Amino acid sequence: MNDPNDHKYRKYHPYQGLYDVPAQNLYNLPTSPEFLFDEEALHQRRSWSESLQYYTGTGYLAGAVLGGAKGSIEGIRAAEPGETLKLRVNRVLNSGGHMGRRFGNNLGVLGLMFAGIESGLIHWRDTDDLVNTVLAGLGTGAIYRAAKGPRSAAIAGAIGGIAAAAAVAGKQAVKRYVPI
């Protein structure tokens, strides 16, 4: 049974047959849509979970970068004469990290609320248009500042709605006038 000349038994090779595939077949990806039903392929939008991850992640990343830059500048300005280089670097890193976390968390929560409201409006109205985005911005601003009072919530809601409308208008202008 242990005789290598015995041909009744073949050694197990888990990768047998994988080396016989031509290289062009490895990258021959399907061109058909990745949807089960044709109605789903007609809608060119993100699902609610993709939207939630996108807005939350980009909000957190943008806030962390902007807050880190602002905190680092504050750390540089707060340096006192006679401090060692090690102490100055520590001050810059600590203030940059603190502000980066703070801004990142705030913008991440705003993105989370915006995505949830927008997805809810798309489902409720059964359409994906500018009105959903503006209403989501308005609702996000109002809810985010609701604890400060109705006046602050109304102002923040108006700012959120205007910012969302400006973002959509800017996106449409870039699509129209910038050749890609």
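The values are calculated or read from the model by the stated rules, or taken from the named source; none is laboratory data. Keep in mind it's a predicted model, so treat the numbers as computed, not measured. No Cβ is skipped: glycine too gets one built from the backbone with ideal geometry, and neighbour counts run over all protein chains shown. Quick note on the areas: whole protein, heavy atoms, side chains included, nothing else; ligands and nucleic acids left out. Shrake-Rupley method; radii C 1.70, N 1.55, O 1.52, S 1.80 Å.
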If R0 = 45 Å, then residue 154 and residue 74, at their Cβ-Cβ distance, give a FRET efficiency to the nearest 0.05 of 0.90
Which value, in Å² and to the nearest 10, is the accessible area of residue 128 when all protein chains are kept and the probe is 1.4 Å?
80 Å²
Alpha-carbon Rg/Rh ratio, for the stretch 46-91, with Rh computed the Kirkwood way
1.34
Net charge (Lys, Arg +1; Asp, Glu -1) of residues whose beta-carbon lies under 13 Å from that of residue 121, residue 121 excluded, is -2
The list [x] 24.0; [y] 19.4; [z] 34.1 gives values of mean projected area of the Cα convex hull in nm², and only one came from this structure; which label was calculated from it?
[x]
Quick shape check on the stretch 100-178: root eigenvalues a ≥ b ≥ c of the Cα gyration tensor, a/c under 1.5 is rounded, otherwise prolate if a/b tops b/c, else oblate, and it reads prolate
With charges set only on the Cβ (+1 for Lys and Arg, -1 for Asp and Glu), what does the dipole of the chain come to about its Cα centre, in debye to the nearest 20?
1060 debye
Once the piece of chain linking residue 129 and residue 174 is laid out straight, how much longer is it, given 0.36 nm per residue of separation minus the C-alpha distance between them?
14.5 nm
For the stretch 76-143, the fraction of alpha-carbon pairs in successive 10 Å shells from zero, as %
19, 28, 17, 15, 14, 6, 1
Of the listed peptides 146-157, 68-79, 91-102, 130-141, what is their order by residue-averaged count of other C-beta atoms within 10 Å, with the highest listed first?
130-141, 91-102, 68-79, 146-157
Just add up the charged neighbours of residue 63: K/R +1, D/E -1, any other residue whose Cβ is under 11 Å from the Cβ of residue 63.
+3
So which DSSP H runs in the chain come out at 15 Å plus along the axis (Cα) with average Kyte-Doolittle of at least 1.0?
130-144
Cut-off under 28 Å on the C-alpha distance; same-chain residues fewer than 8 positions from residue 148 excluded. Which lysines are left, in chain and number order?
70
